[in-house]
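Below is one structure, written out as structure tokens, with a few remarks after it.
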Amino acid sequence: MALIHIEPLPPHCAPGAVLAFVCTTTKLAGKQVGKIALVGRGATVEVPDTKAAAVVSALDGATFGTKPVRVRFAGKGDFTDADHFGRLSALLDLEAKAEQEEARRRAQAEEGAPVGDGTTLGTLVLKDAEFGLGGRLLLTFARKGGERLPPTRLGPGSPVLLNQTNVNRRVPSYRGVIYDRDFAALGVAIDPPDDELPDEAVWRIDLTPDEVSRLRQQDALRRAASATGDRLADLRDVLLGAKDAATAACEVPPAAHLNDNQRAAVRLALGARDCAIIHGPPGTGKTTTVVEFIRAAVASGDTVLACAPSNHAVDNLLEKLLAVGEEPVRLGHPARVQADLRGRSLDILAEKHADARQARKVARDAFALFRQADKWTREKPQPGEKAALRREARDMLTEARKLEALAVERVLDEAKIVCATLTGLDSEVLGKRRFAVAVIDEACQSTEPACWVPLLRANKLVLAGDHCQLPPTVISPEAAERGLSISLMERLVSQFGAGACQLLTVQHRMHASIMGFSNAEFYGGELVAHESVASHRLCDLPGVTPNPLTEAPVRFIDTAGASYDEELEEDTGSRRNVQEANLAVRKVRELLAAGVRASDIGLITPYRAQVRLLRERLADVEELEIDSVDGFQGREKEAIVVSLVRSNPEGEIGFLADTRRTNVAFTRARRGLLVIGDSATLAGNEFYARMLEHFESIGATSSVWEEPE
């Protein structure tokens, strides 16, 4: 027998009610169902192995009581296609183990000591608490004296765990999501707790792995592997190469703002029966093209599930859809949604619905009855009167829950476009809904297992991204080496070839010289700089003084022979280069002195230790952004300064060997790119040898010895 898990159950649910729900929904006979065990708000149920996939598919999203339920495989079991899905499942387990070890390391860190990876904040006190964001409790934490919080990776949308640290007894932990952050305070949204939070508590906030996300991915792999005779099975066979992808001719009405390649991409995506890929190098208008495809699909009567790996990428898509007049619904915790876009969050939209307003009124009346039943009066109540009041109140709360669920249903029923992160698709919210097409933007930043979650609900798939930029982030080195860092899009580009993939070739971001090296190395020389950007420079910006730094679109400052030696940061083992940092700081200040605004400058380096050092040296420059390559993916600035850090006699370049990082760093710049590095260290690598030759060929190279102090 296979084990499945059902949650959340209706209140006071008995095993007999679970059995009736399973049998009624799946047509299984009662004798075919094995043991039913109630666990918390859920239940595990034994069902026949041969019918498990069909049972999960039938039950997931079905309404039990007043709300849809989530249903997943409870055990690992055997995969039908062990060669592919079994391998991905094992890699997910490796990644989960690495995440747990990382969380354990953070938990064991000495209280109050800095944690090198920036995933923990301690010695915090609760400053304020109020309700908002769809009924969540909004907590504001700060240091007792109000001092500035240290730099961390904790930002809006981060899932966190709250723990009290000044108590010796066992007290509850609270899971939440960061919804706001400034230099001295951190806002966390949690579901309202049963008890009040103590005013005197000292708190610690830790970034926490998203276990729900992992379970959804594992379940999606099981369901994809086990699917038979349905659309999911057809898509699986196409995406694994067992069947050819089908396409049809499709005409797209001319759109003035799209170029020929972008229109070709929209035609390809509209005509695809199974899968289409939009390959969008930096600055080529990939998301603009995706939005135009979504508009055309909706105009033809299709419903669209628009996804991306991160909340930031989903919000970017949502913002552009709103700008062209579409009205998408955004799934997910409102705290993870950009503040100015929260009005399109499902929770907020449902809260404004007439059914939800009525639900709140009914709930208030119900609690008034509870208070009346508990109230002591001089006059003794009639026998059974208090019990009757409580029954009536419970019935009213049940009615309120039905009205709340109905408000959500009606908002979703009216939605033509639903936006969500890949692993934020919740059957308790979506029920049995399916979509004509699933679109995954920034698809190359996601591992393959996450992409199978929206495929459970879609008839076809459109992927958009650039596999020549950063791969998905994978913590486990073993999982990455064995293939978890290969995205579904990267695999399919190799599998399908040009037939199902359209390259966008006109870029609207970079000066032609900035584009040149990446174009030759990653895009076969096919990119063309649009005339509006091909020759623009920093000195063309209003208020910027022409000088050698602002007039040259590309510069490489070679530190070879200057003893700019790298070193290890003591606490973290990350690398930094103090002398190179000093030079980068000087160049940033020169740009500022020439009139380039701080908000137009980005300072990028591959190593977190160098990021910390540069932020310390330039802490006085507000609006200047300093971050890792990963932090700048998807971003752009007028001027980019890149500090490559590595400088050693052995010629070791570490993870600079993942040359896609360099592609990302260089292509963030619009008008000015300044790269600082040690040619003696870099030249031993063929890629960087070609980079040095390219800079030399365009007259962009100078020595640090030529730089004024």
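I'm trying to understand the selection: among the residues of region 516-539, which are in a helix (DSSP H, G or I) and over 11 Å from G672 (Cα atoms)?
G516, F517, S518, N519, A520, E521, F522
Restricting attention to region 422-443 and to residues that are at pLDDT below 95 and not in a loop (DSSP other than H, G, I, E, B), the residue that is nearest to V266 (Cα to Cα) turns out to be L430. The number of residues in region 276-296 being surrounded by fewer than 23 Cβ atoms within 10 Å (Cβ to Cβ), at negative phi and touching a residue at least 60 places away in the same chain (Cβ under 8 Å) comes to 2. Note on region 621-639: residues that are among the aromatic types (F, W, Y) and open to solvent by 20 Å² or more (accessible area, probe 1.4 Å) amount to 0. The residue list T63, T50, T24 contains one member that is of a type in the set (S, T, Y), modelled with pLDDT under 90 and over 25 Å from E211 (Cβ atoms), which is T50.
Do we find that Q507 is crowded, with 22+ Cβ neighbours inside 10 Å, of a type outside the set (D, E, K, R) and modelled with pLDDT under 95 in this structure?
Values: crowded, with 22+ Cβ neighbours inside 10 Å: yes; of a type outside the set (D, E, K, R): yes; modelled with pLDDT under 95: no.
When the stated conditions are applied, Q507 does not pass them.
Among the candidates K51, K27, K97, the residue that is on the phi > 0 side of the Ramachandran plot and not small (G, A, S) is uniquely K27. For region 523-534, the criterion of a residue being open to solvent by 60 Å² or more (accessible area, probe 1.4 Å) and touching a residue at least 24 places away in the same chain (Cβ under 8 Å) is satisfied by at least one position. Filtering region 673-709 to residues that are open to solvent by 10 Å² or more (accessible area, probe 1.4 Å), of a type in the set (G, A, S) and within 27 Å of A529 (Cα to Cα) leaves A689, S697, G699, S702. Criterion applied to A393, A356, A335 was being under 22 Å from S427 (Cβ atoms), at pLDDT below 80 and touching a Phe, Trp or Tyr at 6+ places or on another chain (Cβ under 9 Å), and the one residue passing it is A335.
Quick grid of which residues meet (1) surrounded by fewer than 18 Cβ atoms within 10 Å (Cβ to Cβ); (2) more than 24 Å from the chain's Cα centre (by Cα); (3) within 11 Å of D180 (Cβ to Cβ):
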site: L124; (1), (2), (3): no, yes, no
site: K127; (1), (2), (3): yes, yes, no
site: L137; (1), (2), (3): no, no, no
site: G145; (1), (2), (3): yes, yes, no
site: R148; (1), (2), (3): yes, yes, no
site: P151; (1), (2), (3): yes, no, no
site: L162; (1), (2), (3): no, no, no
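Answer yes if at least one residue in region 7-29 is aliphatic (A, V, I, L, M), closer than 12 Å to A74 by Cβ and either open to solvent by less than 60 Å² (accessible area, probe 1.4 Å) or touching a residue at least 40 places away in the same chain (Cβ under 8 Å) (or both), and no otherwise.
Initial filter on region 7-29 (aliphatic (A, V, I, L, M)): 9, 14, 17-20, 22, 28-29.
If we keep only those that are closer than 12 Å to A74 by Cβ as well, we get none.
No: zero hits.
Go through A593, A581 for me and flag whichever is on the phi < 0 side of the Ramachandran plot and either touching a residue at least 60 places away in the same chain (Cβ under 8 Å) or crowded, with 23+ Cβ neighbours inside 10 Å (or both).
Values: A593 fails: either touching a residue at least 60 places away in the same chain (Cβ under 8 Å) or crowded, with 23+ Cβ neighbours inside 10 Å (or both).
The unique qualifying residue is A581.
A count restricted to region 640-656 and to residues that are open to solvent by 30 Å² or more (accessible area, probe 1.4 Å) and in contact (Cβ under 8 Å) with a residue 40 or more places away in the chain stands at 2. Exactly one residue among G595, G561, G573 is in a loop (DSSP other than H, G, I, E, B), of a type outside the set (S, T, N, Q) and within 30 Å of E102 (Cα to Cα), and that residue is G573. For first residues located in region 562-573 and within 18 Å of D678 (Cβ to Cβ), partners that are part of a loop (DSSP other than H, G, I, E, B) and among the small types (G, A, S) and lie 6+ apart or on another chain with Cβ distances below 9 Å form the pairs A562/S647; S563/S647; Y564/S647; D565/S647; E566/S647; L568/S574.
Matching residues to (1) part of a strand (DSSP E or B); (2) aromatic (F, W, Y); (3) at pLDDT below 85; (4) over 27 Å from the mean Cα position of the chain (by Cα):
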| position | (1), (2), (3), (4) |
| --- | --- |
| G157 | no, no, yes, no |
| F183 | no, yes, yes, no |
| D194 | no, no, yes, yes |
| P209 | no, no, yes, no |
| R214 | no, no, no, no |
| R223 | no, no, no, no |
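Taken together, the criteria exclude A479 from residues that are assigned to a strand (DSSP E or B), open to solvent by less than 10 Å² (accessible area, probe 1.4 Å) and not basic (K, R). Whether any residue in region 492-503 is within 24 Å of V238 (Cβ to Cβ), surrounded by fewer than 18 Cβ atoms within 10 Å (Cβ to Cβ) and polar (S, T, N, Q) is what I want to check. Yes, because at least one residue in region 492-503 is within 24 Å of V238 (Cβ to Cβ), surrounded by fewer than 18 Cβ atoms within 10 Å (Cβ to Cβ) and polar (S, T, N, Q). For region 231-267, filtering for residues that are in a helix (DSSP H, G or I) and either touching a Leu at 6+ places or on another chain (Cβ under 8 Å) or surrounded by 13 or more Cβ atoms within 10 Å (Cβ to Cβ) (or both) leaves 16. A residue that is at pLDDT 80 or above, not β-branched (V, I, T) and not in a strand (DSSP E or B) cannot be found anywhere in region 123-143. The single condition among (1) at pLDDT below 85; (2) of a type outside the set (A, V, I, L, M); (3) part of a helix (DSSP H, G or I) that G112 does not meet is (3).
Would you mind finding the one in L268, L331, L221 that is in contact with a strand residue (DSSP E or B) (Cβ under 8 Å, 6 or more places away or on another chain) and within 27 Å of S158 (Cα to Cα)? Don't jump to the end; show me each part of the working.
Working: L268 fails: within 27 Å of S158 (Cα to Cα); L221 fails: in contact with a strand residue (DSSP E or B) (Cβ under 8 Å, 6 or more places away or on another chain).
Just one listed residue meets the conditions, L331.
Residue by residue, here is whether (1) among the hydroxyl-bearing types (S, T, Y); (2) assigned to a loop (DSSP other than H, G, I, E, B); (3) within 20 Å of L592 (Cα to Cα) holds:
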position	(1), (2), (3)
L614	no, no, yes
D630	no, no, no
G634	no, yes, no
V641	no, no, yes
V645	no, yes, no
E650	no, yes, no
T662	yes, no, no
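Put simply, of P553, P472 the only residue that is open to solvent by less than 40 Å² (accessible area, probe 1.4 Å), modelled with pLDDT of 95 or more and not β-branched (V, I, T) is P553.
Filter region 30-43 for residues that are β-branched (V, I, T) and modelled with pLDDT of 90 or more; which is surrounded by the fewest Cβ atoms within 10 Å (Cβ to Cβ)? Working first, answer last.
The first filter runs over region 30-43 and keeps only residues β-branched (V, I, T), leaving 33, 36, 39.
Now narrow it down to the ones that are modelled with pLDDT of 90 or more: 33, 36.
Numbers: V33: 19, I36: 17.
Among those that are β-branched (V, I, T) and modelled with pLDDT of 90 or more, it is I36.
Does R670 meet the test of being open to solvent by 10 Å² or more (accessible area, probe 1.4 Å), over 20 Å from T550 (Cβ atoms) and in contact (Cβ under 8 Å) with a residue 12 or more places away in the chain? The answer is no for R670.
The values are calculated or read from the model by the stated rules, or taken from the named source; none is laboratory data. Small disclaimer: the values here were computed from a predicted structure and weren't measured. Methodologically, a virtual Cβ is constructed for each residue, glycine included, from the backbone with ideal geometry; neighbour enumeration extends over all protein chains shown. Note: areas computed on protein heavy atoms with side chains; ligands, DNA, RNA excluded. Shrake-Rupley method; radii C 1.70, N 1.55, O 1.52, S 1.80 Å.
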